[in-house]
Amino acid sequence: MASYYRRKKPDMVFLNAKPINSGNAQAYLHGVRKYSIGLAERLDSDYIPPPNDGKRSSVSTIASNNPDFTPSVFYRNIAPVNWFLRIIGVLPMVRRGPSRAKFALNSAAFIYSVVFFMLLAFYVGYVANKRIHAVRSLSGPFEEAVIAYLFLVNILPIIVIPILWWEARKIARLFNDWDDFEVLYYQISGHSLPLNLRQKAVYIAIVLPILSILSVVITHITMSDLNLNQVVPYCILDNLTAMLGAWWFLICEAISTTAYLLAERFQKALKHIGPAAMVADYRVLWLRLSKLTRDTGNALCYTFVFMSLYLFFIITLSIYGLMSQLSEGFGIKDIGLTITALWNIGLLFYICDEAHYASVNVRTNFQKKLLMVELNWMNSDAQTEINMFLRATEMNPSNINCGGFFDVNRTLFKGLLTTMVTYLVVLLQFQISIPTDKGDGDGNSNMTVVDLLMDSLSNDMTLLGAPSTVATPSTTTTAVPPTVNRSGRGRKG
């Protein structure tokens, strides 16, 4: 650590640089770069290299050659959430060591995932059948039907499991690329990648499922009759969406932390080491990190496209149900709707915000570090490498893009909210256009949802300029008591 706090070297840094011990020249061939500032002191103090047979060290054996290297830092930090997802049948991958993650159809993990999915599908089908019968027999205001449909929409996350089967190979490749990146980071910086996200992942894997189950139980208590047989699949599927959001959060947090550490390490390295090769090494390291950022969006493309659409649909329905009943006062049903809306808005926000933060740290913050580099004490080769580094940050996109569909950032969150407001206005206008019947004692006070839709359609046709024979009774009813036959659908003339 003493090398970090050296004073700035004068302009003739290359003439005053202390040569490295020639007896330790072979140390550079054993998993470390010769410009690694973290290992400079060990190289100058009679570093003894491990035995070598002339072959290049592989990723899987780098830990044995360098006892200070910690492999699989990224995988270990997100492991608690990974294991929770595997318990509920997601991420059926096999990993037998660093850079050895793969997806196999004949593996025990995939067989377990298929069996779990089939059992869950039968269970969800049973619950969905009950909900469909309840919706068909529903009679009452339109907002009651919307709230009933909300429980059917909550079943949709079961589609995520086969989607993740399709993307499991890309996710396994992403994990292997992280292992390769950690080795390269160690070779250039001289120490293992210090993510320190393990404790946060453990807390998330414990607290988030408990909160998810509580929200589902409270929602069923306040919005429908509590039936434990029907609550269980909702708890599993709600935990699936919540933990996928937490998994995305940890991956983006790892990218953000790595980008910040890399920028700080690069800035400190420039203060006392200035060869062009060192700048080139950090440029390669940044390009690998930028590729990891893009691969994160590509590996989870269809999963989070579905998640974004699902969360948008759930939030729209829950907010509409909440707003449509506020005219009657805040009731017990509104508690469940409020919890559902806030829970899913928070999940969507963290998905978009963390991806935005990761992209900013990888590109924008690194560009700031490069622009603040003092070039007057560097030679022409180092200055050329700095300019190439800066151009690489401009030409290589670092946004998390879901397979070309959209960029996951705060703009996506704002766009979804804007579209949501538009749909809420349309739904509220539709509700206002539906006539209300106070009941006149003839047994026609109960109107089905189909009747309400037909009444609203006839009203809209009248406003658009229907024939005068249809509009004449409505003009005469203002002065003469109505004589309209009420044996139809119970409308007021």
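The values are calculated or read from the model by the stated rules, or taken from the named source; none is laboratory data. Given the structure is predicted, the values throughout are model-derived calculations rather than measurements. Methodologically, a virtual Cβ is constructed for each residue, glycine included, from the backbone with ideal geometry; neighbour enumeration extends over all protein chains shown. Each accessible area value is taken on the protein alone, full model and side chains, heavy atoms only, with ligands, DNA and RNA left out. Shrake-Rupley method; radii C 1.70, N 1.55, O 1.52, S 1.80 Å.
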Between V135 and R76, Cβ-based FRET efficiency (R0 41 Å, step 0.05) works out to 0.30
Label model pair K291, E264: point-to-point distance (7 angstrom along the Cα→beta-carbon line) in nm is 2.7
Length gained if D180 through R96 is fully extended, taking 0.36 nm per residue and subtracting the Cα-Cα distance, is 28.7 nm
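Over the range 73-433, give the accessible area per residue in Å² for a 1.4 Å probe, as an integer. Display every interim value, and only then the final one.
Working: 15440 Å² over 361 residues.
For the range 73-433, the solvent-accessible area averages 43 Å² per residue.
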Extension length gain for I221 and R173 (0.36 nm per residue less Cα distance), in nm, is 12.9 nm
Carbon plus sulfur, as percent of the 1.4 Å-probe accessible area of the range 258-375, comes to 66
With Rh as the Kirkwood radius over Cα pairs, the range 105-213 has Rg/Rh of 1.17
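Using alpha carbons only, what's the Rg to Rh ratio of the range 214-349 with Rh from Kirkwood?
Numbers: Rg = 22.6 Å, Rh = 18.4 Å.
That ratio equals 1.22.
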A108 and K368 label points (each 7 Å along its Cα→Cβ direction) are spaced in nm at 4.9
The range 335-375 scanned against label point 7 Å out from T411 along Cα→C-beta; backbone N under 20 Å for 348-368
Extension length gain for T384 and Y149 (0.36 nm per residue less Cα distance), in nm, is 78.4 nm
For the N376, A277 Cβ pair and Förster radius 22 Å, calculated FRET efficiency rounded to 0.05 is 0.65
For the range 73-433 the mean separation of alpha carbon contacts under 8 Å (6+ apart) over residue count, i.e. relative contact order in percent, is 22
Given 69-82, 198-211, the highest-first ranking by average Cβ count within 10 Å works out to 69-82, 198-211
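Stokes-Einstein at 10 °C, 1.306 mPa s, Kirkwood radius from Cα pairs: D for the range 73-433 in µm² s⁻¹? It would help to have the intermediate numbers written out before the result.
Numbers: Rh = 22.5 Å.
D = 71 µm²/s.
Over the range 202-281, what lengths in whole Å, largest first, do the semi-axes of the equivalent ellipsoid take, defined as the square roots of 5 times the eigenvalues of the alpha-carbon gyration tensor? Could you put the intermediate results ahead of the total?
Working: eigenvalues 482, 19, 11 Å².
The answer is 49, 10, 8 Å, longest axis first.
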A correct Karplus calculation of ³J(HN,Hα) over the range 358-369, with 6.51 cos²θ - 1.76 cosθ + 1.60, θ = phi - 60°, whole Hz and x for Gly and Pro, returns 5, 5, 5, 5, 6, 9, 5, 5, 5, 5, 5, 4
